[in-house]
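Structure first, commentary second.
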DNA sequence: GGTGCTAAGTTGGAAAAACCAACTCAGACT
DNA sequence: AGTCTGAGTTGGTTTTTCCAACTTAGCACC
C-alpha cells in the first residue's frame, strides 16, 4: 500500500521508494517496459501471487506510473489493460541502471540476456551521468549536494 | 537473506534486485553514499530495526557491495565500519536515477533537497542514456534488445 | 576493581506482508 | 444451458518486519 511514511519524506529517493520500493514492483515495471499490459501476463511471467499483483498495480495506478484502461479485442469480452504513463516510461533509466549494475556485479554465466542499444545506429548505450551540454561525466565527478530546502 | 531464486535468474534486473531489492536496502545505500559507515549511524538515520539492519548489512557484505572492517578511533574501543566497495559506489547511478525520478514525479512541496552537480564546474548533472561517444541519447531512442543468451 | 557509558549487536513475541490454493464473476462461444 | 478464460477475491499458512528488552565488550572515571 505504498508506505505513506516514505511518501512524505523530504528525500526524493525515499519518496520514489514509497511508490516503487515494495516487493515485485520493479519486476512488474520491467515487464511493462517490455510490452506486458495484461494482468495474466504479469502473473504468468513473474509467478507473483494474484492478490499481491492486484495491490501493486493499484498503487502504480494510484501514483500515476501506470493507467488502467478497458479495452476490447474483437471477439473477446472487454478487459483491463495496464499501460505505462510518461512517468512510468521514465523509469526506463532506473531499470536500465539496475540492469547494467547486475550485468557487471552479479553476472550470470551465460552473460547478459538484454543489451541497451541506440535505436537507429544500433550502437551500444549505457546509463551514465550527463552534464548540461549532454556530455557524459564520470561518476566520481558528480556530487550530491544539499540545496536550501535541506532540513536542519 | 537476498532471495536466492532471483540471484539465479537470467535477468540482470532480477539478479540486482536479489541483492538490493529488500526493504531498506536502497536507503542504507543512500546513507552509505553520503558518508555513513557505522551501524548506529544507519540505525539512527533510518529508524530501522537493528535486527533487520544486521541482516541487510550482512547481505550487502556477502555480495560485495560493502566491506566490514574493524577500525579504532583513538580513545575508543575497536568498532566495525561498513564501507562501499567499487561495486557499491557504482550504485550511485541507480540511486541518482531514483532521486531524479522522485524529484520529478513524486515532488515535495519544498522542492528537491539534494541536487546532482559536476564537482569542478558546479554545473547541474543528471542521469541519462549515453552512447559510445559519450553523448546523451533520448530515452525513446534506446531499445532493450535480446542477445543470443536470451533463453527460449 | 567496580560502576557507568556506548556501540553493536541478539533475542523473543506481536503485527504485517507475502504466499498458495480454491473460489467467484462476467462475457463470449458452442 | 454449459464451458472457457481473464481478472480478480477470499481464507488460511508461512515469512518478514517491527518493537522492546537484553547482552557483550572495551573504555573512562572514581
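No lab work stands behind these numbers, since they all come straight from the coordinates. All figures in this text were calculated on a predicted structure; none of them were measured in a lab. Every residue, glycine as well, gets a Cβ built from its backbone with ideal geometry; the counts of neighbours run over all protein chains shown.
Using the Kirkwood formula over every pair of different C-alpha atoms, what hydrodynamic radius in Å results for region B:78-125?
Values: mean 1/r = 0.0770 Å⁻¹.
Result for region B:78-125, one decimal place: 13.0 Å.
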Whole-number D in µm² s⁻¹ for region B:1-140, Kirkwood Cα-pair radius fed into Stokes-Einstein, 20 °C, 1.002 mPa s: 125
Ranking of A:34, B:133 by count of other Cβ atoms within 10 Å, fewest first: B:133, A:34
Fraction of alpha-carbon pairs over 32 Å apart in the protein assembly as shown - percent: 27
Exposure proxy order (Cβ contacts within 10 Å, fewest to most) of A:132, B:109, B:115: B:109, A:132, B:115
Shielding score for B:60-69, defined as the mean number of other chain Cβ atoms within 10 Å: 1
For the B-to-A rotation axis, chain B residue with nearest beta carbon and its distance in angstrom: B:97, 2
Rounded Å value of the spacing that divides the Cα centres of region A:93-115 and region B:8-83: 21
Average partner coverage of A:2-11, which counts Cβ from other chains inside 10 Å: 3
Residue list for region B:31-62, given a label point 7 angstrom along the Cα-to-Cβ vector of residue B:79 and an amide N cut-off under 14 Å: B:36-45
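Sorted from fewest to most neighbouring beta carbons within 10 Å, what does the list A:86, B:31 look like?
A:86, B:31
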Shielding of A:20-28 by partner chains, average beta-carbon count, 10 Å: 4
